[in-house]
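Engineer: Got a structure for you, questions after.
The values are calculated or read from the model by the stated rules, or taken from the named source; none is laboratory data. A quick note: this is a predicted structure, and the numbers were derived from the prediction, not measured. Cβ placement follows ideal geometry from the backbone for every residue including glycine, while neighbour counts extend to all protein chains displayed. Ligands, DNA and RNA are stripped out before the accessible areas are found, and what is left, the full protein with its side chains, is counted by its heavy atoms. Shrake-Rupley method; radii C 1.70, N 1.55, O 1.52, S 1.80 Å.
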Amino acid sequence: MKMKVLPAEKRPNRRAMIGIVCVLIFLILITLYIVGASMNELLFEPDFSQKLLPPTMKHPFGTDFLGRDMFARTIKGLSLSMFIGATASGAAAVIALIVGIVAALGKTWLDHFLNWVIDLTMGIPHTVLLILIAIATGRGITGLIIGISLTHWTGIARIIRGEVLQIRSRRYITASRKLGKSRLWVAVRHILPHMIPQFFIGLVLQFPHAIMHESGLTFLGYGMPPETPAIGIILSESMRYLSAGMWWLAFFPGAALAIVVLLIDKLGESLKLALDPASAQE
Amino acid sequence: MRTAAGAIGRPLKNVGIYLLRGVSLLLASTIIAFFLSSIAPQDDPIHAYIQANPGVSAENVARMEEYWGLNQPPVARYVTWLKNILSGDMGYSTSNRRPVAEVIGVRFRASIALMMAAWIFSGILGFGVGCIMGRFAGRLIDRVLKRVCLVMCSIPTFWIGIVFLVFFSVTLGWFPFGLSMPIGANPDEVSIWQRLHHLVLPALTVSFLSFANLALVTREKLADVMESGYILFAKARGEKWILRRHALRNILIPAVTMQFGSFSELFGGSVIAENIFSYPGLGSALTASGKTDLPLFLGITLFSVLFVFCGNMIANILYSFIDPRVKRGD
């Protein structure tokens with residue numbers, strides 16, 4: 001509050017700064033993803049002569065009980081998590097967008113019904129619903145993506161729905177209806193374009209949650225199969241070696257995950273600042 | 001939902017409508033839970049038996065299917081199951097060899113201790129830290145704490161649990177390595193202090209996330225209130241104890257509501273913490289039963305839905321009783 005106010009021309013352009021931050025974070029994440037996704041599997045092949053080594057220059061995160069390099073496994077796992085997180089939060093955002101369009105149609109009973117479905121989804125603890133869906137789909141990546149998108153659309157839908165309810169009462173909407181346009185036409189032509197920024201913001205804001213739920217579920221044994229180099233698998237494997245003092249097996253991979261989550265979160269917040277008309281001009 | 005509640009007005013009528021809505025939600029969740037778990041490929045008891053004992057005749061398979069009711073259509077099975085649940089028979093847990101209701105009862109007692117400890121801890125500390133941040137909004141201490149809270153929000157629960165375990169229990173040796181009581185101890189002879197000692201790390205783990213969330217929300221609310229006209233007026237009159245007299249009550253409502261509304265995350269957090277610390281509560285039973293013991297799994301699922309529902313209901317009732325605007329029906 002007590003900031004010195006510079007004259008307008010000397011103030012750094014806030015929007016430009018945010019834009020630079022967004023691009024930087026995006027580049028870091030994309031590089032990490034490409035390195036992980038294109039990584040040669042030989043880099044974390046078992047090597048029994050190198051079992052359970054503490055971190056060194058050659059193995060920055062140490063090695064596990066099969067002599068696999070934990071650094072390479074972590075990078076691979078992060079790229080897997082990012083892929084699942086992106087797909088799932090994308091699917092969640094699409095569901096939310098459909099919900100938004102339905103809300104924009106302006107039928108009261110539909111609106112009540114949607115609210116009921118949102119309450120229903122939020123009424124079952126996410127972890128429980130995720131395990132249920134994982135059981136139903138027989139575990140694995142497909143189950144994870146379905147489960148995470150079905151549990152994470154509500155947050156985005158609430159934001160989009162709030163936006164839609166505001167727009168729906170505007171005059172130009174009424175005018176358009178009075179000019180004889182159908183509800184669907186108004187929803188798609190006049191309301192949908194306003195939801196696009198919210199769609200992307202919601203998508204990126206749910207992304208970190210999606211990643212955390214993915215690795216959490218994998219950690220509990222209901223996510224990816226045990227041979228995958230996923231962060232959840234790495235951490236649950238490390239549990240057996242913790243009492244022997246091998247903290248690095250869990251510490252570094254988890255910290256790397258937390259950093260990725262933080263970066264994506266920062267990206268989402270910056271996008272929100274840059275795209276949301278209400279805060280963009282601050 | 002809040003605005004709808006406000007329009008209806010009187011809290012009691014509110015509660016009635018909320019209950020009706022709740023019953024429909026509960027019923028829908030039983031349908032979801034039942035059908036999702038019944039399409040599971042690996043959990044058919046007959047197939048599990050045939051795989052373990054090859055060479056069973058088709059006639060015997062049919063007889064077994066009839067015994068287990070598997071020859072009936074899914075809807076009929078669901079109706080039977082729901083009737084049993086409503087009459088208090090939740091089925092038989094195959095992995096514990098005891099009725100599901102009994103297992104849930106025992107496990108819930110351990111879990112509720114864990115969840116309540118985490119809930120109270122995160123509530124008091126989160127509110128306190130949020131008040132400090134909001135009171136000094138924009139100053140150094142606010143910016144530092146806010147950064148810390150934002151980072152805490154991004155840290156996966158299962159990782160922080162492991163870090164606590166490694167640091168406090170392996171390296172420092174302050175706390176025991178998992179379980180809810182010393183290994184091999186007679187449950188009747190374990191003192192309350194021993195139990196609390198085993199509870200500290202899991203509870204810290206569960207409260208980690210919700211603490212930061214609550215602190216951030218409280219900060220925003222308090223910062224808003226401190227900017228308001230009536231605080232300025234109170235300051236102008238030279239009043240003392242402005243925070244306590246004018247601000248605290250206003251921000252207590254959203255904080256309390258939020259704490260009661262967070263039962264879903266509380267349960268999810270306890271599932272993870274109980275698995276890390278081998279704590280014998282509902283969460284560890286849930287993950288263990290999901291693979292082999294469907295009756296117990298379904299029972300715990302329903303129980304968790306009920307638990308979350310109760311939290312939300314308390315939040316709503318509190319809201320409509322405490323907030324004079326909702327009570328009046330503005």
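Engineer: For segment B:97-241, what is one quarter of the convex hull surface built on the Cα atoms, given in nm²?
Structural biologist: Computing the convex hull of the Cα atoms and averaging its projections yields 13.0 nm².
Engineer: Efficiency by 1/(1 + (r/R0)^6): what FRET value for A:Glu41 and A:Ala244, r their Cβ-Cβ distance, R0 = 25 Å, to the nearest 0.05? Don't skip to the answer; put the middle values down first.
Structural biologist: On the way: r = 28 Å, r/R0 = 1.11.
E between A:Glu41 and A:Ala244, to the nearest 0.05, is 0.35.
Engineer: Could I ask something else about it? Distance in nm between label sites at B:Asp224 and A:Thr31, each 7 Å beyond Cα in the beta-carbon direction?
Structural biologist: About 4.1 nm separates the two model spin labels.
Engineer: In whole angstrom, note down how far apart the Cα centers of segment B:106-128 and segment A:175-211 are.
Structural biologist: Taking the Cα centre of each part, segment B:106-128 and segment A:175-211 sit 40 Å apart.
Engineer: What does the C-alpha gyration tensor say about the overall shape of chain A? Classify as rounded when a/c is under 1.5, otherwise prolate if a/b is larger than b/c, or oblate.
Structural biologist: Verdict is oblate for chain A.
Engineer: Summarise the accessible area of segment A:23-116 (1.4 Å probe, protein heavy atoms) by the percent that is carbon and sulfur. Before the final figure, lay out the partial values.
Structural biologist: Values: 3550 of 4660 Å².
Summing carbon and sulfur atoms, their accessible area is 76 percent of the total for segment A:23-116.
Engineer: Moving on to the next point. Relative contact order, percent, of chain B when contacts are C-alpha pairs under 8 Å separated by at least 6 residues?
Structural biologist: Once normalised by length, the contact order is 29 percent.
Engineer: For an R0 of 30 angstrom, estimate the FRET efficiency from the Cβ-Cβ distance between B:Arg237 and B:Leu125 and round to the nearest 0.05.
Structural biologist: After rounding, the FRET efficiency stands at 0.40.
Engineer: In segment A:56-130, which trypsin sites (Lys or Arg not before Pro) fall in coil by DSSP and have 13 or fewer other Cβ atoms within 10 Å?
Structural biologist: A:Lys58, A:Lys107
Engineer: What percent do you get for the relative contact order of chain A when only Cα pairs under 8 Å and 6+ apart count?
Structural biologist: 24
Engineer: Can I ask one more? Going through the cross-link list A:Lys266/B:Lys221; B:Lys146/B:Lys235; A:Lys107/B:Lys83, which pairs have a Cα-Cα distance over 28 Å in this structure?
Structural biologist: Values: A:Lys266/B:Lys221 22 Å; B:Lys146/B:Lys235 26 Å; A:Lys107/B:Lys83 36 Å.
Beyond 28 Å: A:Lys107/B:Lys83.
Engineer: Quick query: amide H of B:Tyr92 versus all other amide H atoms, modeled in the peptide plane; which residues come in under 5 Å with a sequence gap of 5 or more or a different chain?
Structural biologist: Here the answer is B:Val100, since their amide H atoms fall under 5 Å of that of B:Tyr92.
Engineer: Could you tell me which helices of chain A pass both thresholds, a Cα extent of 18 Å or more along their own axis and a mean Kyte-Doolittle hydropathy of at least 1.6, with helices taken as whole DSSP H runs?
Structural biologist: Values: long enough: A:14-37 (34 Å, 2.24); A:70-104 (49 Å, 1.67); A:108-123 (22 Å, 0.47); A:141-168 (38 Å, 0.87); A:192-220 (40 Å, 0.91); A:248-275 (40 Å, 1.55).
Span-like helices, by this rule, are A:14-37, A:70-104.
Engineer: So what's the projected area for chain B, the Cα convex hull averaged over all directions, in nm²?
Structural biologist: So the Cα hull casts an average projection of 22.7 nm².
Engineer: Let me ask something else about it. I'd like to know which of B:Leu125, B:Phe321, B:Val225 lies farthest towards the positive end of the charge dipole of segment B:100-328, counting +1 on Cβ of Lys and Arg and -1 on Cβ of Asp and Glu.
Structural biologist: B:Val225
Engineer: Another one. Assign unit charges at the C-beta atoms only (+1 for Lys and Arg, -1 for Asp and Glu), then state the dipole size of segment B:100-328 relative to its Cα centre in Debye, rounded to the nearest 20.
Structural biologist: In total the dipole reaches around 1220 debye.
Engineer: Right, here's the next one. Between B:Ala58 and B:Gln194, what is the label-point separation in nm under the 7 Å Cα-to-beta-carbon projection?
Structural biologist: 5.9
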